[in-house]
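**Q** Take a look at the following structure, please.
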Amino acid sequence: MKSAWQSLAGLLSGLGRATLFLFQLLAATPHALARPRILIRQLYMVGTLSLVIIVVSGSFVGMVLALQGYRTLSGFGATASLGIFVAFTVVRELGPVVTALLFAGRAGSALAAEIGLMRATDQLSGMEMMAVDPLRYVVAPRFLAGFIAMPLLTAIFSVMAIGVAGGYLIGVSLLGVDPGAFWSQIHANMHPLDIWQSMFKALVFGAVITWIAVYQGYHAAPNSEGVSSATTTTVVASSLAVLGLDFILTAFMFR
Amino acid sequence: MQSRALEILVGFFVCLGVAAIFVLTFRVASTDNIGGGGGYTLTADFSNIGSLSPGASVKLAGVRIGSVTGISIDPKTFQAVVAMRISDQHRDIPDDSAAKILTAGLLGEQYVGLEPGGSLDALKDGGRIQFTQSAFVLENVIGQFLTGMVQKGSQSSGSPGAAPAPATP
């Protein structure tokens with residue numbers, strides 16, 4: 001009974017500490033804008049280096065959706081709707097969510113490990129001793145970079161999945177759907193609001209993933225075990241947060 | 001030098017992302033219904049609009065020329081008033097044209113189909129289409145079909161059945 005109470009208290013204190021950390025982080029974020037060099041370096045780390053995995057997985061997700069959608073739609077003689085089927089699935093759900101899960105695995109884990117190792121090797125304490133705020137120089141640029149990179153990665157993922165190599169390649173080139181019907185169905189049914197809602201989801205996911213990653217790294221136990229557990233917790237917690245938040249956002253936005 | 005290469009790569013990434021957002025907004029989504037400014041409005045009264053909704057297409061000979069902007073009820077006649085916005089390049093629709101509510105495919109969305117008449121006068125902004133045909137409601141059609149079957153059945157069984165009917169009392 002007592003241990004259950006203690007673990008509940010531990011959970012609540014962790015949540016409270018993470019929230020306070022978020023406020024400190026938001027206060028430090030404007031300072032990251034004043035140092036574009038550091039920000040660009042972090043954008044390279046979380047954005048450019050994630051391009052390959054996003055492009056490849058976007059293409060394959062689009063291909064699979066087109067194959068499965070074609071099978072289902074051909075039962076109704078509605079294969080002309082393949083384009084809008086793939087586009088709605090990707091733009092509304094799979095684009096932001098799969099990008100966020102990949103982003104958590106690719107960039108979130110790296111962020112947590114990097115900052116955790118800085119903590120373990122006393123680099124953060126060293127900065128504090130030199131009166132340099134590590135939140136401003138180390139954490140805030142990484143947070144901002146994740147916030148900027150996620151919508152861009154989501155847009156690239158969606159374009160790859162719908163048009164370039166995914167749904168269009170399989171649907172039109174392989175399965176013989178009419179390209180005019182493919183695009184005209186998308187044009188007739190997709191509203192620009194769908195795109196902006198997708199980008200909003202991506203922004204929220206990007207902020208949550210990088211928040212969890214930098215929090216876990218910053219508060220990691222200063223040893224090798226602490227770094228490894230921070231990395232694992234980052235991927236697990238941010239994946240769960242993304243899936244849960246996606247449900248809430250979908251329930252609010254697509255009524 | 002190393003930082004310059006970094007900047008170029010990040011610039012490439014940002015360009016790619018912004019281009020993808022633009023492609024999604026302008027190539028994937030339809031932008032013709034956010035312009036809003038152009039075009040003129042027509043209305044048509046229907047006794048039943050089925051599942052027509054604002055944003056549905058208005059087509060002439062199968063070509064999309066506008067969209068449904070509003071649906072309301074006429075308080076006197078209890079008919080549905082459908083307002084449509086037609087793009088400006090289709091100014092010369094004859095004023096005796098007919099509007100039908102049609103379905104794209106068997107399970108598809110409903111849209112308004114216009115059938116041009118032969119009049120020399122064109123419909124003006126705010127004009128009303130007089131000849132309309134309501135949505136195809138499957139239940140009504142099945143109901144009529146069944147009523148027809150029952151009537152036909154009672155007629156055909158009526159003449160031989162007429163003999164035993166008076167015999168019962």
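**Q** So how much accessible area does A:ARG37 have, in Å² to the nearest 10, using a 1.4 Å probe?
**A** Counting only protein heavy atoms, the figure is 150 Å².
**Q** Please report the carbon-and-sulfur percent of the accessible area for the stretch A:27-253; probe 1.4 Å, protein heavy atoms only, DNA, RNA and ligands left out. All intermediate terms of the calculation are to be shown ahead of the outcome.
**A** Numbers: 6500 of 9240 Å².
Using a 1.4 Å probe with all protein chains present, the stretch A:27-253 comes out at 70 percent carbon and sulfur.
**Q** Can you give the accessible area of B:PHE131 in Å² (nearest 10), computed on protein heavy atoms with a 1.4 Å probe?
**A** Solvent-accessible area, nearest 10 Å²: 110 Å².
**Q** Here's another thing I want to ask about it. Counting only other chains, what is the mean number of Cβ atoms within 10 angstrom of the Cβ of each residue in peptide A:175-188? Can you show the working numbers first?
**A** On the way: counts 0, 0, 0, 0, 0, 0, 0, 0, 2, 2, 2, 4, 7, 11.
Across the residues of A:175-188, the mean count of other-chain Cβ atoms within 10 Å is 2.
**Q** How much area per residue is accessible in the protein assembly as shown when the probe is 1.4 Å and only protein heavy atoms are counted (Å²)? Write down the numbers at each step before the final one.
**A** Values: 22010 Å² over 424 residues.
I get 52 Å² per residue for the protein assembly as shown.
**Q** Also, I was wondering about something else. What figure, in Å² to the nearest 10, do you get for the accessible area of A:TRP196 with a 1.4 Å probe and non-protein molecules left out?
**A** 130
**Q** Kindly provide the helix-only [θ] at 222 nm of chain A, computed as the sum of -39,500 (n - 2.57) over DSSP H runs of four or more divided by all residues, to the nearest 500 deg cm²/dmol?
**A** Values: 11 runs with 190 residues, N = 255.
Here the helix-only value at 222 nm equals -25000 deg cm²/dmol.
**Q** Still on this structure: Sort B:ARG64, B:ARG91 by accessible area with a 1.4 Å probe, largest first. Don't skip to the answer; put the middle values down first.
**A** Values: B:ARG64 70, B:ARG91 100 Å².
Largest to smallest exposure gives the sequence B:ARG91, B:ARG64.
**Q** What full-extension length gain, to one decimal in nm, is calculated for B:LYS124 and B:ALA5 as 0.36 nm per residue of separation minus the Cα-Cα distance?
**A** Difference between extended and current length: 36.8 nm.
**Q** Using +1 at the Cβ of each Lys and Arg and -1 at the Cβ of each Asp and Glu in the protein assembly as shown, identify which of B:VAL81, B:ALA122, A:VAL97 lies farthest towards the dipole's positive end.
**A** A:VAL97
**Q** At 1.4 Å probe size, put B:MET84, A:MET160 in order of accessible surface, largest to smallest. Could the numbers behind the result be given before it?
**A** Details: B:MET84 0, A:MET160 35 Å².
So the residues, ranked largest to smallest area, are A:MET160, B:MET84.
**Q** Oh, and also: With a sphere of radius 14 Å drawn around the Cβ of A:ASN223, what net charge do the other residues whose Cβ falls strictly inside it have (Lys, Arg +1; Asp, Glu -1)? Numbers along the way, then the final one.
**A** On the way: positive: A:ARG119; negative: A:ASP122, A:GLU225.
The answer is -1.
**Q** Could you work out which residue, out of A:VAL139, A:VAL177, A:VAL55, moves most in a Gaussian network model of chain A, that is, has the largest mean-square fluctuation with Cα springs under 10 Å?
**A** In this elastic network of chain A, the residue with the biggest mean-square fluctuation among A:VAL139, A:VAL177, A:VAL55 is A:VAL177.
**Q** Also, I was wondering about something else. Using a simple spin-label model with points 7 Å from Cα along the Cα→Cβ vector, what separation in nm is obtained for B:SER53 and B:VAL141?
**A** 2.2
**Q** Interface A/B, total buried accessible area with a 1.4 Å probe, nearest 100 Å²? Could the numbers behind the result be given before it?
**A** Details: alone 12840 and 11630 Å², together 22010 Å².
Answer for the A-B pair: about 2500 Å² buried.
**Q** Which sequence of A:TYR215, A:TYR168 reflects their accessible areas, 1.4 Å probe, from the largest down?
**A** Values: A:TYR215 25, A:TYR168 65 Å².
Accessible-area ranking of A:TYR215, A:TYR168, largest first: A:TYR168, A:TYR215.
**Q** Express in nm, to one decimal, how much length is gained between A:LEU67 and A:ALA131 on full extension, taking 0.36 nm for each residue of separation and deducting their alpha carbon distance. Mind dumping the intermediate values first?
**A** Values: separation 64, 0.36 × 64 = 23.04 nm, distance 5.80 nm.
So the chain would gain 17.2 nm between A:LEU67 and A:ALA131.
**Q** Related question: Set the Förster distance to 41 Å, then compute FRET efficiency between A:ASP122 and A:PHE60 from the Cβ-Cβ distance, nearest 0.05. It would help to have the intermediate numbers written out before the result.
**A** On the way: r = 43 Å, r/R0 = 1.04.
Computed FRET efficiency for A:ASP122 and A:PHE60: 0.45.
**Q** Report the antiparallel proportion of the DSSP beta bridges in the protein assembly as shown as a percent, rounded to a multiple of 5. Working shown, then result.
**A** Working: 25 of 34 bridges.
So the antiparallel bridges in the protein assembly as shown amount to around 75 percent.
The values are calculated or read from the model by the stated rules, or taken from the named source; none is laboratory data. Bear in mind the structure is a predicted one, so any value in this text is a computation, not a measurement. Because the Cβ atoms are built from the backbone with ideal geometry, glycine has one as well, and the counts that use them run over all protein chains shown. Calculation scope for accessible area: heavy atoms of the full protein, side chains included, ligands and nucleic acids excluded. Shrake-Rupley method; radii C 1.70, N 1.55, O 1.52, S 1.80 Å.
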